[in-house]
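Below is one structure, written out as structure tokens, with a few remarks after it.
The values are calculated or read from the model by the stated rules, or taken from the named source; none is laboratory data. Predicted, not measured: the structure shown is a model, and the values here were computed from it. Neighbour counts run over all protein chains shown; Cβ positions are idealised from the backbone, glycine included. With ligands, DNA and RNA removed, areas are computed over all heavy atoms of the protein, side chains included. Shrake-Rupley method; radii C 1.70, N 1.55, O 1.52, S 1.80 Å.
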Amino acid sequence: MKNIFFLILLFLFSLNVTAKGDEVEKEEVLIDLVNPLMGTDSNHALSNGNTYPAIAVPWGMNFWTPQTGKMGDGWAYTYDANKICGIKQTHQPSPWINDYAAFSLMPVTGELQVDEEKRASWFSHKAEIVKPNYYSVYLADYDVTAEVTPTERAASFRFTFPDNEKSFILLDGFFKGSQVKIIPEERKIIGFCRNNSGGVPDNFHNYFVAVFDKDFEVTHTWKNGDVQENNLSAEGEHVGAVVGFKTKTGEHVHVKVASSFISPEQAQLNLSREIGDKGFDDVRQESEIAWERELSKIRIDGGTFEQRRTFYSSLYRVLLFPRTFYELNKDDEIIHYSPYNGEVLPGYMYTDNGFWDTFRAVFPFFTLMYPDLNSQIMEGLVNTYKESGWLPEWASPGHRDCMIGSNSTSIIADAYLKGIRGYDIELLYEAIIKNTNGRHQDVSSVGRYGAEYYNELGYVPYDVGVNENTARTLEYAYADFCIWKLAKELEKPEDEIALFEKRAKNYEHVFDASTGLMRGKNNDGKFQSPFNPLKWGDAFTEGNSLHYTWSVFHDVEGLISLMGGKEKFNATIDTVFTMPPAFDYSYYGFVIHEIREMQIADMGNYAHGNQPIQHMPYLYNYSGTPWKTQYRVRQIMDKLYSSAPDGYCGDEDNGQTSAWYVFSSMGFYPVCPGSDEYVLGSPVFNKVGITLPNGKVLTIEAKGNSKENVFVSKLKFNKKVWDANYVTHDDLLKGGVLEFEMSSKPNFKRGISPKSSPYSMSIDN
């Protein structure tokens, strides 16, 4: 009896140990922490991210998303919508840029409707599952569950039908030119779509193939809304295909879909290579592994569950763009359809990116964590220059006339200066220099608009018809700093190096000492008047003088001197955070969404929802008050981010606003790409483990961390006391332990020495 009692106790004890052991040893499935709906509660007037749930693999050529909006509407999926009209292949990088090469699949039952509004079905978020690699929704009007899971260039669908005599799957080829062909004996639909929002050659096509696992009993097409019964093909402005069959309760119908920008044959090859005979669950598992592999390169411990969800939801967004735009031919050679000249050419190509946003933190993240990917992107830039004669600034898929600056310079210089190779840097340097002398004849955002004035006067004048002139001056000066650094590294002629060293200081020309701010300057050398620092647009881009004054990434020390010293510098930043959210919208004639997002955030005139000011909180590190950075970055993370559908405070923009959170929550941020430094802040998590591309591990510990303990009392790097307010790229790549000790009170003695300040060109430390 005693032995039996002992065995029972031993058994219960072993269960308890196993349970505890599982709790300790089991790592979170990181993909389950991602909410692709973060940022989808948005509209034209107010952006809480302006995102859509991208069902994709990292950097995939094709994404898939449920479609709640009308065909051609940049707001393809909005959280407050209640009907879905299809699951579409999408390539949209931003609602403002809109989509291209889209088509959709939609299951319906009963009376056939092909019009997108009439066929749309009610749905509920309660019956919707959204993961990076998987989407499922119950379409209530049809009693059908639709599921999709992706590969890079293909996807697998599973539709679960009810008992019905009339079950259909529609393939909508969308407007602006499409074609469908139904091949019943192969259970296949092929065709193409040509819809786009600009930036494509005349021969642009997206060729698709869809293969079903059930025989067709009904085959119709439609053209411009008119159904053509028992018809196998259609071509026109807007066509689609319908296949139908009888189904039983719970019957699955599977569809495997792929596409290509090259040819129908390449679309079939993409399908065969990436899915072939794999079942739906196999594809789902492989795509989950792909996400888990990338997400697990950064493992976090501590923080709240919500903070962990916000971190991995943000990291997911960082890993979506730029989009892969190359394919593998039958000989496994890398080729691409050129969105610049329309030819099929060898080599890498990436697209769907606006460097005005992403040069700030997304590309520095790739430089740190994905040097091989960044090398491929650089080769893609080489190919873009060969095929179009210019570097891209906003590509989707080809050159688009959007935003300002020549920020391709920044991402090229930063990559090369941090040791990334494998591409023709000399050709890229040639392209960079070409940028400095003019702009694309048709696309004002490509090259430098106003270059002739900038090169002669040292600034772009306010009164010569070049819009957003002061912002351009500041961004060109920063780009010239990057050229100066790159030219030195490439051992270019001394006079060329000296030229860009001088131009990097051109920000001084638009600084107005009487106001202590950046200001438009006329062609005659006089500042424009009247001047209102709260006026959005005009001399600036989607911001005002209070936002753009800080765009001297490369020479904060020089800016401090212009402002009259550290005390005035700090006071001006303080004022931005503490003043009322006043604004002047007269340049636009209405309150643009970026203004409204600043106004409602309750952080003064700080406009985190737009990119130009996002680095500003880190500038206190340059002026002897690093504790102010620590306080503000934690405040921004706590107040302006969450994993909810309204989880951003403005446009997410190709990963940039997400990358700010990813970097900041780990405790450092790349204020000046082109330098080798990351500026320190206040880490959110107790521990972060980063597996670096060289195999080493960087561990960031924040002892005593809490919601209240946002200040850094002590800092050590590999057991060495660290008084600097920055770490270098090489420091991080060596791995080791960066150890913060956190406190509820600022340490007014740490990081205040001039030697503790991060890089500034004026002191070139």
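Things worth noting here:
- Only Cα sites of segment 38-196 enter the Debye sum here, all with the same form factor; the resulting log10 I(q)/I(0) across q = 0.11, 0.17 1/Å is -0.41, -1.04, listed in q order.
- Carbon-plus-sulfur accessible fraction, segment 280-334 (probe radius 1.4 Å, protein heavy atoms only): 46%.
- The simple Förster model, with R0 at 22 Å and r as the Cβ-Cβ distance, assigns Lys714 and Lys755 a FRET efficiency of 0.80.
- Taking every Cα-Cα distance in segment 612-752 and sorting them into 10 Å bins starting at zero, the pair-distance distribution P(r) comes out as 12, 44, 35, 9, 0 percent.
- Think of the chain as a dipole: +1 on every Lys or Arg Cβ, -1 on every Asp or Glu Cβ, centred on the Cα centre; then among Trp627, Ile298, Pro322, Trp627 lies furthest on the positive end.
- Gain in span if fully extended, Ser233 to Asp143, counting 0.36 nm per residue against the direct Cα distance: 29.5 nm
- Computed on the Cα trace of segment 256-404, the radius of gyration divided by the Kirkwood hydrodynamic radius gives Rg/Rh = 1.01.
- Taken about its Cα centre, segment 247-363 carries a charge dipole of roughly 480 debye when the Cβ of each Lys and Arg holds +1 and the Cβ of each Asp and Glu holds -1.
- When the square roots of the Cα gyration tensor eigenvalues are ordered a ≥ b ≥ c, the ratio a/c for segment 577-659 is 1.5 or more and a/b does not exceed b/c, which makes its shape oblate.
- Compactness check for the chain: Cα Rg over 2.2 N^0.38 Å is 1.00.
- A 1.4 Å probe run over the protein chains yields, for segment 502-649, 33 Å² of accessible area per residue, whole-number rounding.
- Among 465-473, 301-309, the order from most to least packed when residues are scored by Cβ within 10 Å on average: 465-473, 301-309
- By the helix-only formula, in which each DSSP H run with n ≥ 4 contributes -39500 (n - 2.57) and the sum is divided by residues, the chain has a 222 nm mean residue ellipticity of -9000 deg cm²/dmol.
- Heavy-atom accessible area ranking, 1.4 Å probe, most first, across Lys502, Lys181: Lys502, Lys181
- About the Cα centre, charge dipole magnitude for the chain (Lys/Arg +1, Asp/Glu -1 at Cβ), debye: 2300 debye
- Our summary gives segment 311-420 a relative contact order of 25 percent, counting only alpha carbon pairs under 8 angstrom and 6 or more residues apart.
- Each residue, Glu430 and Tyr587, gets one label point 7 Å from its Cα in the Cβ direction; the gap between the two is 3.7 nm.
- Highest-first packing order for the peptide set 538-544, 701-707 is 538-544, 701-707, based on the mean count of other beta carbon atoms within 10 Å.
- Antiparallel bridge percentage (DSSP; both residues within the chain; nearest 5): 95 percent
- Packing, as the average of other Cβ atoms within 10 Å across residues, places the peptides 366-377, 737-748 in the order 366-377, 737-748, highest first.
- Distance between the modelled labels on Glu343 and Lys126, one decimal in nanometres: 5.9 nm (7 Å Cα→Cβ projection).
- Exposure ranking of Asp143, Asp277 by accessible area [1.4 Å probe, largest first]: Asp277, Asp143
- Calculated accessible area for segment 715-765 comes out at 53 Å² per residue, all protein chains present (probe 1.4 Å; ligands, DNA, RNA ignored).
- Just so you know, the Cα atoms of segment 207-260 work out to an Rg and Dmax of 12.7, 37 Å.
- Förster radius 51 Å - calculated FRET efficiency between Asp32 and Ala571, Cβ distance, rounded to 0.05: 0.65
- Kirkwood Rh, angstrom, segment 259-343 [1 / mean 1/r, Cα pairs]: 15.8 Å
- Spacing of the two label points (7 Å from each Cα toward its C-beta) at Gln285 and Lys488, in nm: 5.4 nm
- Extension gain, Thr699 to Ser514: 0.36 nm times the residue separation minus the Cα-Cα distance gives 61.9 nm.
- Debye log10 I(q)/I(0) at q = 0.15 Å⁻¹ for segment 54-112, Cα point scatterers: -0.44
- Pairwise centroid distance, computed over Cα atoms, of segment 394-431 with segment 188-222, Å: 34 Å
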